[in-house]
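Trainee: Below are the structure tokens for one structure; questions will follow.
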Amino acid sequence: MAIVSPDLKNTLILWDIDGTLLHSAGAGMRALTAALRTVFGIEGSLADIDFAGRTDPWIIRCALRKYGLPDTAEHRDRYLEGYLAALPAELSAPGGRILPGVERILEQAGSRPGVAQALLTGNVERGAKAKLAHHGLWHHFPLGAFADDSEIRNELGPHALRRAHAYWGVEFARDRVWIVGDTPRDIACARAIGARAFAVATGGSSVAELLEHRPDAALPDLSDPDEFWSRLV
């Protein structure tokens with residue numbers, strides 16, 4: 001049943017997590033490396049795998065191939081469970097942080113007339129919840145699209161739109177849907193559903209590199225919430 005909001009929602013913001021909302025100081029990579037050891041008895045590194053903008057299942061497949069492990073459902077499931085088991089301890093290590101301006105923007109979005117916000121992330125849902133809950137941000141997001149839905153990032157948008165429609169009772173116009181992320185793959189994900197792309201250079205890409213992919217808006221970071229909202233007009 002759709003939940004009727006006191007104000008009619010007309011703008012949907014879909015947030016990436018890693019490099020956009022927060023930095024986990026390598027917690028995800030360390031948890032995946034720890035799972036290699038605990039699940040498969042392999043002491044190895046994943047530093048040569050390009051994590052940026054990828055999904056957890058895609059990364060897991062790459063890791064299995066790198067170490068010559070059969071890419072079976074059983075191996076993928078065991079590896080994922082090992083990763084999720086290791087993640088909380090790695091998140092507690094020093095260095096993880098919410099990125100500048102994020103808390104204020106998320107709080108403002110929660111009370112801003114017409115605005116709805118959700119997640120669109122390459123994390124599986126349990127991993128997303130672990131990361132965001134650790135930093136006190138999980139409560140901002142009533143729904144999302146996760147890597148449980150597809151290991152192909154460009155296939156996540158329709159899941160987010162379907163859930164948003166069911167939750168808010170609104171068919172969001174595509175030019176009022178914004179995907180906010182820190183990589184070219186987030187921009188491509190927006191284009192895949194005809195949404196608008198908001199790029200922030202708080203991950204591994206500079207503003208200049210992101211602009212090469214023609215986002216609808218780009219900022220070096222989200223430290224100025226007023227500037228962020230001015231781009232969403």
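The values are calculated or read from the model by the stated rules, or taken from the named source; none is laboratory data. As the structure is a computational prediction, the values presented were derived from the model and not from experiment. Ideal geometry is used to build each Cβ from the backbone, glycine not excepted, and the neighbour counts take in all protein chains shown.
Trainee: Can you pull out every residue in segment 140-155 that is aliphatic (A, V, I, L, M) and over 15 Å from Ile13 (Cβ atoms)? Walk me through how you get there before you give the answer.
Mentor: To start, the set of residues in segment 140-155 that are aliphatic (A, V, I, L, M) comprises 143, 145, 147, 152.
Correct list: Ala147, Ile152.
Trainee: Go over the candidates His139, His159 one by one and state the one that is in contact (Cβ under 8 Å) with a residue 12 or more places away in the chain, under 16 Å from the mean Cα position of the chain (by Cα) and in a helix (DSSP H, G or I).
Mentor: Values: His139 fails: in contact (Cβ under 8 Å) with a residue 12 or more places away in the chain.
Only one candidate passes the filter, namely His159.
Trainee: Which residues, counting only those in segment 98-113, are modelled with pLDDT of 95 or more and part of a loop (DSSP other than H, G, I, E, B)?
Mentor: Once the filter is applied, which keeps residues that are modelled with pLDDT of 95 or more and part of a loop (DSSP other than H, G, I, E, B), segment 98-113 yields Leu99, Pro100, Gly101.
Trainee: Kindly list the number of the only condition in (1) in contact (Cβ under 8 Å) with a residue 60 or more places away in the chain; (2) over 21 Å from Val102 (Cα atoms) that fails for Arg174.
Mentor: It is condition (1) that Arg174 fails.
Trainee: Go through segment 66-97 and report how many residues are of a type in the set (Lys, Arg), more than 20 Å from the chain's Cα centre (by Cα) and modelled with pLDDT of 95 or more.
Mentor: Step one: filter segment 66-97 for residues of a type in the set (Lys, Arg), giving 66, 76, 78, 97.
If we keep only those that are more than 20 Å from the chain's Cα centre (by Cα) too, we end up with 66, 76, 78.
Checking the rest, the ones that are also modelled with pLDDT of 95 or more come to 76, 78.
Residues in segment 66-97 being of a type in the set (Lys, Arg), more than 20 Å from the chain's Cα centre (by Cα) and modelled with pLDDT of 95 or more: 2 in total.
Trainee: Answer yes if at least one residue in segment 65-83 is in contact (Cβ under 8 Å) with a residue 60 or more places away in the chain and touching a Lys or Arg at 6+ places or on another chain (Cβ under 7 Å), and no otherwise.
Mentor: Just the residues of segment 65-83 that are in contact (Cβ under 8 Å) with a residue 60 or more places away in the chain, to begin with: none.
No: zero hits.
Trainee: Pull out all pairs, ordered by first then second residue, where Cβ-Cβ is under 6 Å, the residues are six or more apart or on different chains, the first lies in segment 215-233 and is under 17 Å from Ile187 (Cα atoms), and the second is surrounded by 18 or more Cβ atoms within 10 Å (Cβ to Cβ) and basic (Lys, Arg).
Mentor: As it stands, the answer is Asp216/Arg196, since those pairs meet every condition given.
Trainee: Could you say whether any residue in segment 67-74 is small (Gly, Ala, Ser), in contact with a helix residue (DSSP H, G or I) (Cβ under 6 Å, 6 or more places away or on another chain) and not assigned by TED's automatic domain parsing to the domain that holds Glu227? Full working, then the answer.
Mentor: Residues of segment 67-74 small (Gly, Ala, Ser): 68, 73.
Pick out the ones that are also in contact with a helix residue (DSSP H, G or I) (Cβ under 6 Å, 6 or more places away or on another chain) and you get none.
So far as segment 67-74 goes, no, none of its residues is small (Gly, Ala, Ser), in contact with a helix residue (DSSP H, G or I) (Cβ under 6 Å, 6 or more places away or on another chain) and not assigned by TED's automatic domain parsing to the domain that holds Glu227.
Trainee: Taking the condition within 30 Å of Gln117 (Cβ to Cβ) and small (Gly, Ala, Ser), does Gly82 pass? Before the answer, list the steps.
Mentor: Working: within 30 Å of Gln117 (Cβ to Cβ): no; small (Gly, Ala, Ser): yes.
No; evaluated as a whole, the condition is false for this residue.
Trainee: Tell me yes or no: at least one residue of segment 55-63 is over 18 Å from Gly203 (Cβ atoms), free of Cβ contacts under 8 Å to residues at least 24 places away in the same chain and either in a helix (DSSP H, G or I) or among the basic types (Lys, Arg) (or both). Give the steps one after another, and end with the answer.
Mentor: At the first step, the residues of segment 55-63 found to be over 18 Å from Gly203 (Cβ atoms) are 57, 60-63.
Those left that are additionally free of Cβ contacts under 8 Å to residues at least 24 places away in the same chain: 62.
Then keep just the ones that are either in a helix (DSSP H, G or I) or among the basic types (Lys, Arg) (or both); that gives 62.
Scanning segment 55-63, I find at least one residue that is over 18 Å from Gly203 (Cβ atoms), free of Cβ contacts under 8 Å to residues at least 24 places away in the same chain and either in a helix (DSSP H, G or I) or among the basic types (Lys, Arg) (or both), so the answer is yes.
Trainee: Identify the single condition in (1) buried (at least 19 other Cβ atoms within 10 Å of the Cβ); (2) of a type in the set (Ser, Thr, Tyr); (3) in a helix (DSSP H, G or I) that Ser205 does not satisfy, given that it satisfies every other one.
Mentor: With respect to (1) buried (at least 19 other Cβ atoms within 10 Å of the Cβ); (2) of a type in the set (Ser, Thr, Tyr); (3) in a helix (DSSP H, G or I), Ser205 is out only on (3).
Trainee: Filter segment 211-230 down to the residues that are surrounded by 16 or more Cβ atoms within 10 Å (Cβ to Cβ) and either part of a helix (DSSP H, G or I) or touching a Phe, Trp or Tyr at 6+ places or on another chain (Cβ under 9 Å) (or both) and list them by number.
Mentor: Residues satisfying the conditions are Pro215, Asp216, Ala217, Ala218, Leu219, Leu222, Pro225, Phe228.
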